[in-house]
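Q: One structure, pasted below without further comment.
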Amino acid sequence: MDADSTPLKQCHYCREVFPATRQFFYVNRAKKDSLSSRCKTCTRIKQPRYRAKEGYRRCSGCRAEFPLTSDFFYVSSGQDGGFAYRCKQCVKVEHTARYHKVKTLPPRVTCPLSLMCSRCAASKPLTEEYFSRNPVGRYGFHTVCKTCQSKARAYHRKSHPELYKAQQVAYYRIHKEHIATYRKTRREYRATTDRIRYYAHHEYNLAQRRLYRQTERGRIALQASSRARKMREKAVPGTVTASQIQEKLRKQHYACYYCFTKFERHNGKYIFHLEHTVPVSRIEASPRHDINFVVLSCPSCNDRKKNKLPHEFFQGGRLM
């Protein structure tokens with residue numbers, strides 16, 4: 001072969017250019033041209049081995065040094081020091097890239113009708129009802145069923161409450177404006193769905209509330225709520241006597257002010273709530289604890305009205 005037609009190759013280490021022949025480069029079948037990337041002279045030079053500082057490890061991916069702890073490296077009992085050689089960030093980047101690459105590909109094998117959970121060993125239908133999607137998995141699903149995943153997440157949250165609290169605080173600080181906008185746009189929708197859900201299971205919710213108020217925590221919460229309301233009422237001008245309430249009951253014909261439903265009677269007593277048309281908690285609306293600002297309502301309407309003003313509680317149909 002003529003010298004002019006011999007291709008040239010640059011040494012990766014010394015940056016010198018040599019003819020791409022075995023005279024100057026060692027054979028390396030893994031390379032495209034079957035020659036090593038370093039010339040023979042540079043290859044013979046013994047390079048000093050890199051050693052990280054005590055208590056540190058150099059990531060084999062990004063070549064950065066990190067403390068040899070579980071905060072920066074995944075635990076791997078088979079590796080030196082009990083930790084993996086690549087940092088968590090490099091592993092996450094690789095897994096994310098592989099996930100998005102495999103996500104667009106069809107499953108490698110035909111999915112069976114059922115799959116045995118690798119944790120509880122129960123055979124369940126291989127559908128999204130029982131298994132979560134995982135494009136990297138063999139059949140495009142996780143090998144652990146949703147029930148076991150839910151139990152594992154609950155156990156982890158219970159075992160590491162500080163970690164989850166810190167994650168929630170950090171997420172809220174980063175996405176504070178987005179969360180506020182989302183809550184504002186979904187406020188009416190959530191109120192409506194919560195109200196529908198509550199009254200769809202009204203008896204069950206009442207039973208759960210009674211059971212909760214029988215517990216120590218429930219009794220303390222009820223006492224605190226009653227005490228707070230009494231303190232707010234004391235700060236609001238006006239008084240309401242028992243005789244005024246009896247007179248109001250007769251004027252309303254023993255029916256709810258909003259829905260006109262007759263009050264239920266148990267052991268000779270009518271069941272009703274003393275409802276402030278201007279809620280005590282709405283200080284900006286100048287509320288009064290006065291008989292002219294108080295009506296009698298059924299418990300259901302009083303719970304629905306909450307702290308709304310009359311014109312805000314359009315379900316009641318009264319603007320007084």
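Values quoted throughout were computed directly from the atomic coordinates according to the rules given, and no laboratory measurement underlies them. These numbers were taken from a predicted model, which means no experiment stands behind them. Cβ atoms come from the backbone with ideal geometry, glycine included; neighbour counts cover every protein chain shown.
Q: Under 5 Å between amide H atoms, partner at least 5 residues away or on a different chain: which partners does Tyr26 have, H built in plane at 1.01 Å?
A: Result for Tyr26 returns Ser36, Lys40.
Q: Sort 196-205, 112-121 for me by packing, meaning the mean count of neighbouring Cβ atoms within 10 Å per residue, highest on top.
A: Highest-to-lowest ranking by the protection proxy: 112-121, 196-205.
Q: Please give the contour-minus-distance gain from Gln246 to Val75: 0.36 nm per residue of separation, less the Cα-Cα distance, rounded to one decimal in nm.
A: 54.3 nm
Q: Quote the FRET efficiency, to the nearest 0.05, computed for Arg133 versus Lys92 with a Förster distance R0 of 22 Å and r equal to the Cβ-Cβ distance.
A: 0.70
Q: What whole number of Å gives the distance from the Cα centroid of segment 186-247 to the Cα centroid of segment 30-99?
A: Taking the Cα centre of segment 186-247 as reference, the centre of segment 30-99 is 61 Å away.
Q: Based only on other Cβ atoms within 10 Å, what is the fewest-to-most ordering of Thr110, Thr41?
A: Thr110, Thr41
Q: Could I ask something else about it? If the chain between Thr110 and Ser60 were fully stretched, how many nm would it gain, using 0.36 nm times the residue separation less the Cα-Cα distance?
A: 14.3 nm
Q: Still on this structure, please answer the following. Relative contact order for the chain: what is it in percent, counting Cα pairs under 8 Å that are at least 6 residues apart?
A: Relative contact order here is 7 percent.
Q: Now for a separate question. Which net charge results for the neighbourhood of His201, defined as the other residues with beta-carbon distances under 13 angstrom from its beta-carbon, given Lys and Arg at +1 and Asp and Glu at -1? Walk me through the intermediate numbers first.
A: Numbers: positive: Arg195, Arg197, Arg209; negative: Asp194, Glu203.
Net charge in that neighbourhood comes out at +1.
Q: With r defined as the distance between the Cβ atoms of Glu284 and Ala121 and R0 fixed at 56 Å, what FRET efficiency is calculated, to the nearest 0.05? Each step should come with its number before you reach the end.
A: Working: r = 61 Å, r/R0 = 1.09.
Working from the Cβ atoms, E equals 0.35.
Q: Give, in whole angstrom and from largest to smallest, the semi-axes √(5λ) of the equivalent ellipsoid of the chain, with λ running over the eigenvalues of the Cα gyration tensor.
A: Equivalent ellipsoid semi-axes, largest first: 74, 25, 21 Å.
Q: OK, next. Which distance in nm do the two modelled labels at Phe314 and Tyr198 give, with both placed 7 Å along the Cα-to-Cβ direction?
A: My value for the distance between the label points is 1.9 nm.
Q: Enumerate the calculated ³J(HN,Hα) couplings along segment 296-306 in order (Karplus 6.51 cos²θ - 1.76 cosθ + 1.60, θ = phi - 60°), each rounded to whole Hz, writing x wherever the residue is Gly or Pro.
A: Result, ordered by residue: 9, 10, 6, x, 5, 5, 5, 5, 6, 5, 6 Hz.
Q: For segment 25-39, take each phi angle, set θ = phi - 60°, evaluate the Karplus expression 6.51 cos²θ - 1.76 cosθ + 1.60, and give the result in whole Hz per residue in order, putting x for glycine and proline.
A: Along segment 25-39, the couplings run 10, 6, 6, 9, 5, 6, 7, 5, 9, 6, 10, 5, 7, 10, 6 Hz.
Q: Once phi is turned into ³J(HN,Hα) by the Karplus curve 6.51 cos²θ - 1.76 cosθ + 1.60 with θ = phi - 60°, what whole-Hz value does each residue of segment 167-180 show in order, with x for glycine and proline?
A: After applying 6.51 cos²θ - 1.76 cosθ + 1.60, I find 5, 5, 5, 5, 5, 5, 5, 6, 10, 4, 5, 5, 5, 5 Hz.
Q: Arg187 versus His156, label points 7 Å from Cα toward the beta carbon: distance in nm?
A: 3.5 nm
Q: Return the loop-located GluC sites (Glu not before Pro) in segment 86-137 (DSSP other than H, G, I, E, B) with at most 16 other Cβ atoms within 10 Å of their own Cβ; answer none if there are none. If you can, show how the numbers build up before the last one.
A: Working: sites: Glu94, Glu128, Glu129; in loops: Glu128, Glu129.
Those satisfying the criteria are Glu128, Glu129.
Q: Moving on. So if we plug the beta-carbon distance of Thr6 and Ala52 into 1/(1 + (r/R0)^6) with R0 = 41 Å, what FRET efficiency do we get, rounded to 0.05?
A: The calculated FRET efficiency here is 0.45.
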